[in-house]
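The values are calculated or read from the model by the stated rules, or taken from the named source; none is laboratory data. Predicted model, so just to flag it, every value in this text is computed and none were measured. A quick note on method: Cβ atoms are made from the backbone with ideal geometry, for glycine too, and the neighbour counts reach across all protein chains shown. The area values use the complete protein model at the heavy-atom level, side chains included, leaving out ligands, DNA and RNA. Shrake-Rupley method; radii C 1.70, N 1.55, O 1.52, S 1.80 Å.
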Amino acid sequence: LLLSVLLLVLGLSRVWLQVGQVESGYRVAAMHEEYRELLGVHRKLVVEWNRLQDPHYLEKLARENLNLHPPRDCELFAGGRKRGN
Amino acid sequence: MTRAAAAEKWNKRLRVGSGAIGAVLALALAAVVVRAFWLQVVEHRDWKARAEAQRRTRLQVPAYRGSIRDLSGKPLAVSIPQYSLCADGSKIDDPAATAKRLHPVLGADVHDLRDKLVSKRRFIWIKHYLSDRQASALRDLSLPGLYLIREYRRYYPYRQMAGQVLGFVGLDGKGLEGVERAYDEVLQQDVLSVGVRRDGGRKRLWRGESLPPSPEERSGLRTTLDLFVQYLSERELEAAVREWEAKSGQVIVLDARTSEVLALANWPFFDPNRFRRYNPAAWRNRAVTDAFEPGSAFKVFLAAALLETGTADPETRVFCEDGRFRYAGHTINDVHPHGWLTLTDMLRYSSNIGAAKLAEKLGAERYHRFIRDFGFGEETGIGLPGEASGILRPWRAWQNVDLASAAFGQGVGVTLVQLAAATNCIANDGIWRRPRILREIDGETGRLKAGRPDAGERRVIAPETARWVRDMMMAAAGEDGTGSASAPEGYRVAGKTGTAQVADSKAAGYAENLNTSVFTGFIPAENPRLVITVVIHEPKGRGFGGVVAAPVFCNIAAEALPYLGVFPSGGTARLAGNRVKTH
């Protein structure tokens, strides 16, 4: 009787482990797919980050949106010497 | 009938019935066993293959096209995944209704969409490269017969920056222009197909086998371009071209120590992200593909040949005919009339007459040989597609006047890269080095080693000759030289201006009032760090190289040198954007 119970428990455990393995298999596959998607997103963000650092773009933003310009010689408080021409 | 007889009869029937049932069951069991044997043994391979096909599928793992980066590793060209929309026409029952639902997402015309969808073809492209938002909206719609498939798109995050140098790729992912084309074999994308497990519902499942590889990138390239120097070059070039309402312009900046191309700018600019919106002429990297007449900037190489052969020394005097000289049936003019000039002053004041007379002393054969040695008339091997060799006829085909005109840079065609490389030869004490655009290939496989530009170098003139020429170029870029506008405060420049007439393709000869303005030089003159060559095509007004091109040199050098750690002597570095105006 004891052997039968033991075999039954072992059998049920095996089934339980198999079911768990299948469930984990689905999760792993889904996470791997998500990882692939996120790698793609990361590449897109790298592009976007560099696009935002484009010096031409930053200069245009500074001039047109913030009304900034490089300081003229007369606007420098220290160090600069005026050019001859 | 007695009870015993009835029981006997019943038992007999029972036995017969049991036997029959047993026989049927035995037959059924035998059939099952035979069928099982048939399936498991005889047709084992077929059924195994079918089972495998049901629970295995192929996963496409991309190997992205390799990135192109600048000297410091900033990405200049990157491939990213992007969804595209396609349809199976046989599964779309109501094309008009589907088109109406697609219209707000794609923004495309409803009639155009319907026209595409009415086709019963099994595969119809609807739109390439959807935005993430569009792809998400389409997933939510889940319209029958429409599918999203993953494609890989090339992006150039810095837009127009070095557009003609980088080039672009076509829809099939093949490099079509620029670096993309030149190194397509190294960069090309690929797709790795691997087997993965799935269930009956086509859902992917992992059962202990090794995970499929992650998407990764093919070998990328690191170019020699420096993004900041490229930006400076483009900014200053555009400012000059707009200021002078010129037709076009190019700038190249070389690292004088290595002959690496730090910047290569072409105006009008070109954004490879939208290459179809441009005229194909705008795709061309004219700094490499087009030749122009360099004008007086070419006198530098005449001076080098004169000194190297001992035909003249820096103090050799030549009479410049007070600005007007009849030679071989043609009249040669100087912008400013001069009498006697030394060789140094001939270069300083850029006398055409002095150059023509000295070239005659040197002779066509020797002059031609030196021109060739400086790299003119042949490709430099910079490693970009479509490089021109320039225009240099054999010296035997020269007429008398051709030697004179070649002395002051007319009648010969050079590319911007050739002119910069030749100038760098003076900066490097007479050693010509091949200009390079490629720094390294990631994970070098050796496949392209044979095709890659090597560090080819050769001695053209003696170090002493080069130093004499450098001193003369310093005089030409000095206070009373034609290139005085080239020197930023706190630095000394060795350079030479050039103003060439432009050949008229319709009429034989040169066009009136059209010039090419040139300045080529290196800085700091005493210990060269940068070689910068500027050419502005057809500026309006006073189109002299010293007025139009030299300030571009000055403005680029003034900001690039402090950025590279070369600071002005006794002055402060120029702040970004404070440029020299020439008007």
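Of note:
- Spin-label model, A:W49 to B:R15: label points 7 Å out along the Cα-to-beta-carbon direction sit 9.2 nm apart.
- Region B:75-138 - percent of accessible surface contributed by carbon and sulfur, probe 1.4 Å: 52
- Each Cα pair under 8 Å and six or more residues apart adds its sequence gap; the mean of these over the residue count of region B:19-98 is a relative contact order of 12 percent.
- Region A:1-43-region B:192-238 distance, computed between alpha-carbon centres (Å): 30
- Each Lys or Arg adds one and each Asp or Glu takes one away; over the other residues whose Cβ falls under 15 Å from the Cβ of B:K9, this sums to +3.
- R0 of 56 Å, Cβ-Cβ distance A:K60-B:A26: FRET efficiency to nearest 0.05: 0.05
- For region B:70-96, residues shielded by at least 20 square angstrom of accessible area compared with the chain on its own, probe 1.4 Å: B:P75, B:V78, B:I80, B:P81, B:Y83
- Averaged over peptide B:152-161, the number of partner chain Cβ atoms lying within 10 Å of each residue's Cβ comes to 4.
- Long-range HN-HN contacts of B:Q82 with modeled amide H, under 5 Å: B:E151, B:Y152, B:R153
- Of all lysines in the structure, the ones whose alpha carbon falls short of 24 Å from that of B:K48, not counting any fewer than 8 places away in one chain, are B:K203.
- Exposure check, 1.4 Å probe, all protein chains in place: B:T465 carries approximately 10 Å² of accessible surface.
- Vicinal HN-Hα couplings computed from phi for region B:45-50 (Karplus, 6.51 cos²θ - 1.76 cosθ + 1.60; Hz; Gly/Pro x): 5, 4, 5, 5, 5, 5
- Rounded percent of accessible protein surface that carbon and sulfur make up, region B:213-256, 1.4 Å probe: 43
- Nearest 10 degrees, 0 to 90: helix B:227-243 Cα axis against chain B principal axis: 60
- Our estimate of slack between B:Y563 and B:E378, defined as 0.36 nm per intervening residue step minus the Cα-Cα distance, is 63.2 nm.
- In chain B, the calculated helix contribution to ellipticity at 222 nm averages -10500 deg cm²/dmol per residue, counting -39,500 (n - 2.57) for every DSSP H run with n ≥ 4.
- Using the average count of surrounding beta-carbon atoms within 10 Å as a protection proxy, the listed peptides B:44-51, B:142-149, B:553-560 rank, highest first, as B:553-560, B:142-149, B:44-51.
- Across region B:137-149, coupling constants 3J(HN,Hα) worked out from phi with the 6.51/-1.76/1.60 Karplus curve, θ = phi - 60°, read 5, 5, 4, 5, 5, 5, 7, x, x, 10, 9, 9, 10 Hz, and Gly and Pro carry x.
- Interface burial for B against A (accessible surface, 1.4 Å probe, total of both chains, Å², rounded to 100): 3800
- Segments B:115-123, B:97-105 sorted - mean Cβ within 10 Å per residue, highest first: B:97-105, B:115-123
- Which of B:F292, B:S210, B:S79, positive extreme of dipole for the protein assembly as shown (C-beta unit charges): B:S210
- Within-11-Å neighbourhood charge of B:W125 [Cβ basis; K, R +1; D, E -1]: +2
- Measuring nothing but protein heavy atoms, the accessible surface of region B:144-185 at 1.4 Å probe radius is 49 percent carbon and sulfur.
- The phi-based Karplus calculation (6.51 cos²θ - 1.76 cosθ + 1.60; θ = phi - 60°) puts the 3J(HN,Hα) values of region B:355-367 at 5, 5, 5, 5, 5, 5, 5, 5, x, 5, 4, 5, 4 Hz, whole numbers, x for Gly and Pro.
- Fluctuation leader among A:L66, A:L52, A:L38 - chain A, Gaussian network, Cα springs under 10 angstrom: A:L66
- Normalised per residue, the accessible area of the protein assembly as shown is 50 Å², obtained with a 1.4 Å probe and no contribution from ligands, DNA or RNA.
- By the rule of a C-alpha distance below 17 Å, with chain neighbours fewer than 8 residues away ignored, the lysines paired with B:K361 are B:K299.
- Under the convention that each Lys and Arg Cβ holds +1 and each Asp and Glu Cβ holds -1, the size of the dipole of chain B around its Cα centre is about 4500 debye.
- When only the Cβ of Lys, Arg, Asp and Glu is charged (+1, +1, -1, -1), the dipole of the protein assembly as shown relative to its Cα centre reaches about 4060 debye.
- Within the shell of other residues whose beta carbon sits under 12 angstrom from the beta carbon of B:L302, the net charge comes to +3, with Lys and Arg scored +1 and Asp and Glu -1.
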